[in-house]
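Please treat every number below as a calculation from the coordinates, not as lab data. If you're wondering where the values come from, they're calculated on a predicted model, not measured in any experiment. Don't worry about glycine lacking a Cβ; one is built from the backbone with ideal geometry, like all the others, and counts go over all protein chains shown.
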Amino acid sequence: MTRVAICTMAVCAALAGCAILGGRHAGAARRSAGAAAGPDATAPRTGPEAAKLAQAQATHEYPSGPAPAQSAADRSSTALAAVREFATAYINWNAQTVAADLRSLAAQSVGQARSAMQLAAAQTAGDYELQRGGIANSGTVEAIAPLTGHADQYVVVTREATTATNTTAYAGLLPAWHLAIATVVRMASGGWALTGWQPEN
């Protein structure tokens with residue numbers, strides 16, 4: 001009951017609205033740093049990654065290799081642990097580490113979550129605006145609770161703050177509440193992994 005009450009209060013706070021960041025990871029950073037980044041920031045990318053991104057935008061599926069080894073999921077012995085570990089890693093990053101962080105999350109995930117992390121990693125790897133702005137995000141997981149009526153899904157509430165070293169876009173921005181839905185799956189090895197990650201704001 002306590003956990004549900006905490007989650008309910010946090011969700012209310014999220015919906016009532018602190019300063020909501022416009023998108024996950026580099027999404028907000030790209031928009032906010034765009035004005036200072038210059039015309040080269042939006043130059044089209046070329047090469048294999050550009051082709052993969054173009055395919056992803058057309059088909060909503062990111063071309064990827066074989067599924068990760070199940071040993072990646074063995075570290076999470078419970079569904080709750082898998083969700084908490086994923087969420088904590090997802091919300092703590094900086095411009096220098098974000099692409100590698102996302103690739104690491106992809107390696108620990110399966111299905112939609114894996115594709116989403118791979119796509120995000122590809123998008124941020126060459127993001128000039130993100131690098132130039134020195135954007136970073138940090139936060140804590142405030143509450144995790146089962147989603148009523150969905151045995152494999154959890155509501156995740158986080159409190160996050162975005163900062164920047166080379167732009168004033170985030171100056172004075174207060175920490176904001178965020179809500180996401182995590183879907184988990186039990187692997188054949190017995191460990192748990194995320195198969196879905198859906199930010200709601």
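With θ set to phi - 60° and the Karplus curve 6.51 cos²θ - 1.76 cosθ + 1.60, what are the ³J(HN,Hα) couplings of segment 105-112 in order, to the nearest whole Hz, using x for Gly and Pro?
5, 4, 5, 9, 10, 9, x, 4
In a Debye calculation with equal point scatterers on the alpha-carbon sites of segment 107-201 and no solvent, what is log10 I(q)/I(0) at q = 0.14, 0.16, 0.17 Å⁻¹?
Debye output, listed in q order: -0.68, -0.84, -0.92.
Once label points are set 7 Å from the Cα along Cα→Cβ at both residue 201 and residue 173, what is their separation, rounded to one decimal in nm?
The answer from the label model is 1.5 nm.
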